[in-house]
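> Below you will find the structure I want to go over with you.
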Amino acid sequence: MLIPLAALWKKECLALVRDWHALAALFAMPAVFILVMSLALADSLSGQREASLAYAVLDIDATPISRALDAQMGDTEALRKTPSPSGEAEIRRQVRDREIAFAVIIPQGFAQQVGANQTPEIRILSDPAVPAAMRGGFRQIVETAVIRTWLAHVLERLGQSMMLPQLRHATERVGPPSIIAETVGRDGNGSAPLPSSVQQNVPAWLIFSMFFVVIPISAVFIGERQRGTLQRLRAQRVSFGLMLAGKFAPYLFINQMQAVLMVAVGRWLVPLCGGEAFALPATTQGIAALLLMSLAVSIAATAWALLIASLARSSEQATILGGIGNILMGAIGGIMVPRFIMPGAMQQWTRLSPMDWALEGFHQAMLRQGGVADILPSFFALSCFGLAALAAAVFLNCRARPT
């Protein structure tokens, strides 16, 4: 069993080493994408039209002034307000579970600070997967709402006859509101690292490049079918399951090499070119989650490639089917356009793409400081996709086998 399997692994490795075009597509293309996109998008999101992001306001102060601030925070083109949660633990859970992108907490004593012309304090929670430019824009919206609420209170208190002198005196004493902003990690605390362009692009293009393993797998598989290699192996009583095992292991290894290279590009090459360095998870649980996600993506990508190779009758067909399929999954799954800047209706479609499941798992490990338990939904979804694709490939090849 082991000797035939080792021979099959050697055959696959030799075929892959000879295909320099496929190796370039697997390694050079995603490295260039990560470098270029990380640098190009580092500051450009601030000029983009934001999608309809959800937020909630938790009014702990529960006074007329705090309720006036809550009323100021209405829906806009970029923001959609959701019902107020029951408490701080609940609002942190909503941010952590991506039900909302932002949360505003009005603390106890807010009205007293406004009434005494003291600098009011507001707390903002945000999902770390939301870019810094959008978090900055939301902070400005909150600051504007606080200032408008304070001015309305001053005007109501002073009256029309004393408005100008007293308003001028009050504005000399009160500065902009004090905003305490934090991102919410896995444990609901503000411990997650701030994301950057490279934190978005490294996992996205890593996933995309892993799925392009369809090119070398389909080229080798179809070439063996056309040259009669598969028929000779069957004649030697080599089971199709063993053939698949012989193909799986080398390409799983290739995918892990891709992961190492893409992380190295983000961590060391991007900073040399003026960008921010890619940050790995800070905990052992996070590293383990990252490795599991890399394995799950590799299983899904390799099985998908075998299915495409089983469906296609020529290398050209495989390239077209695999290339178009990967591009569609990438476009829908938030690889090329991040989900949070898509229209609300289109964001629902991202759930249909395996690349979205993979990206969600990577974000759980890298941005939200999640552990193994947090990436299990993505891991199992990708594994089930891979098993389904593999079962379909086995069925197609068994059906095509001559009796």
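> Might you check whether a residue that is modelled with pLDDT under 85, of a type outside the set (Asp, Glu) and at positive phi occurs anywhere in region 317-324?
no
> When you scan region 84-92, do you find a residue that is part of a strand (DSSP E or B) and at pLDDT 85 or above, even just one?
No: zero hits.
> On the given criteria, is residue 316 surrounded by fewer than 21 Cβ atoms within 10 Å (Cβ to Cβ) and either in contact (Cβ under 8 Å) with a residue 60 or more places away in the chain or touching a helix residue (DSSP H, G or I) at 6+ places or on another chain (Cβ under 9 Å) (or both)?
Working: surrounded by fewer than 21 Cβ atoms within 10 Å (Cβ to Cβ): yes; either in contact (Cβ under 8 Å) with a residue 60 or more places away in the chain or touching a helix residue (DSSP H, G or I) at 6+ places or on another chain (Cβ under 9 Å) (or both): no.
In short, no.
> Going residue by residue through region 171-180, is there one that turns out to be at pLDDT below 80, surrounded by 15 or more Cβ atoms within 10 Å (Cβ to Cβ) and in contact with a strand residue (DSSP E or B) (Cβ under 8 Å, 6 or more places away or on another chain)?
Yes, region 171-180 contains a residue that is at pLDDT below 80, surrounded by 15 or more Cβ atoms within 10 Å (Cβ to Cβ) and in contact with a strand residue (DSSP E or B) (Cβ under 8 Å, 6 or more places away or on another chain).
> Here's a check for you: in region 217-249, which residue that is hydroxyl-bearing (Ser, Thr, Tyr) and surrounded by 15 or more Cβ atoms within 10 Å (Cβ to Cβ) is modelled with the highest pLDDT?
Among those residues, the one meeting the criterion is 218.
> What is the residue count in region 227-283 for residues that are farther than 17 Å from residue 299 by Cα and part of a helix (DSSP H, G or I)?
21
> Kindly evaluate residue 355 against the criterion of being out of contact with any Pro (no Cβ under 9 Å at 6 or more places or on another chain), in contact (Cβ under 8 Å) with a residue 24 or more places away in the chain and either of a type in the set (D, E, K, R) or crowded, with 23+ Cβ neighbours inside 10 Å (or both).
When the stated conditions are applied, residue 355 passes them.
> For region 335-347, state whether one or more residues are more than 13 Å from the chain's Cα centre (by Cα) and without any contact (Cβ under 8 Å) to a residue 60 or more places away in the chain.
Yes, region 335-347 contains at least one residue that is more than 13 Å from the chain's Cα centre (by Cα) and without any contact (Cβ under 8 Å) to a residue 60 or more places away in the chain.
> Ok, one more. Which count do you get for residues in region 93-128 that are outside any strand (DSSP E or B) and either out of contact with any Asp or Glu (no Cβ under 9 Å at 6 or more places or on another chain) or crowded, with 24+ Cβ neighbours inside 10 Å (or both)?
15
> Go through region 273-285 and give me each residue that's crowded, with 17+ Cβ neighbours inside 10 Å and under 17 Å from residue 262 (Cβ atoms).
Answer for region 273-285, where residues must be crowded, with 17+ Cβ neighbours inside 10 Å and under 17 Å from residue 262 (Cβ atoms): 275, 276, 278, 279, 281.
The values are calculated or read from the model by the stated rules, or taken from the named source; none is laboratory data. Because the structure is a prediction, the values reported are computed rather than measured. Note that we place each Cβ from the backbone using ideal geometry, even for glycine, and neighbour counts take in every protein chain shown.
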